[in-house]
Amino acid sequence: MESRKGAILLYSTINENKMLEKVNPKTLMDFTKNISKEVRLSGTIEEWRAIKFVEEKLISFGFETKLYKRIAYISHPKESLLTIDNQKIDSITHSMALSTPEKGLKGELIFVGTEEDFKDISVKGKIALIDGLATPDIVALAEQNGAIAAVFINGEYTHEMIVSTVWGNPDLEQRSKYPNIPVISIKYQDGQNGLTP
């Protein structure tokens, strides 16, 4: 072990291949199935069960563990409803996305495509329809370009995402890093049904 400027570097003589040989694929999949059998939103009992499972496994391997609890600013997405031409489309909303007004939000939907297409397509005052996952940088790009909301087209399944880089213990200086537009995601197939060119 070597210590430098507060950083600790660990050196090991264990051969990487020998370590990989010790990985049991069945056990690995059993662990994965166990922690992924429930939706684990931050601060919920489901998340706590997953954490306790991981802790128990680490202890069984001979590790010492210490769990820390803290008060944190988190966001649990609620419901999402998307209607286009009187057709309801399944959708989800995302952590830290702005809620719509109580009566919802109406606007013109414009297909942007990908991040690179923002320079060629004006979304000002419109709802941006974007290919891909709802990530903080693309949500910020849509907002900076004047979009009033963003709808992301995911793959076969929608993906739970956080659309802000701030999580946990924010301060007032980080307020500008939270999105000021609603953000939802839909499945790929729904995005292809007349919504995209």
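The values are calculated or read from the model by the stated rules, or taken from the named source; none is laboratory data. Bear in mind the structure is a predicted one, so any value in this text is a computation, not a measurement. With ideal geometry, Cβ positions are generated from the backbone for all residues, glycine too; neighbour counts draw on all protein chains shown.
For the stretch 146-160, a residue qualifies if it is under 13 Å from the mean Cα position of the chain (by Cα), more than 16 Å from P77 (Cα to Cα) and part of a strand (DSSP E or B), but none of them does.
Taken together, I59, I71, I8, I14 contain a single residue that is modelled with pLDDT under 90 and not in a loop (DSSP other than H, G, I, E, B), which is I8. Screening the candidates G62, G113, G104 for the property of being loosely packed, with under 11 Cβ neighbours inside 10 Å, in contact with a strand residue (DSSP E or B) (Cβ under 9 Å, 6 or more places away or on another chain) and not basic (K, R) yields one hit, G104. Would you be able to say whether some residue in the stretch 180-194 is crowded, with 18+ Cβ neighbours inside 10 Å and in a helix (DSSP H, G or I)? Yes, the stretch 180-194 contains at least one residue that is crowded, with 18+ Cβ neighbours inside 10 Å and in a helix (DSSP H, G or I).
For the stretch 74-87, a tally of residues being modelled with pLDDT under 90 and either among the basic types (K, R) or in contact with a Pro (Cβ under 9 Å, 6 or more places away or on another chain) (or both) returns 1. Candidates in the stretch 161-177 are the residues that are in a loop (DSSP other than H, G, I, E, B) and more than 14 Å from the chain's Cα centre (by Cα); of these, the one that is surrounded by the most Cβ atoms within 10 Å (Cβ to Cβ) is P170.
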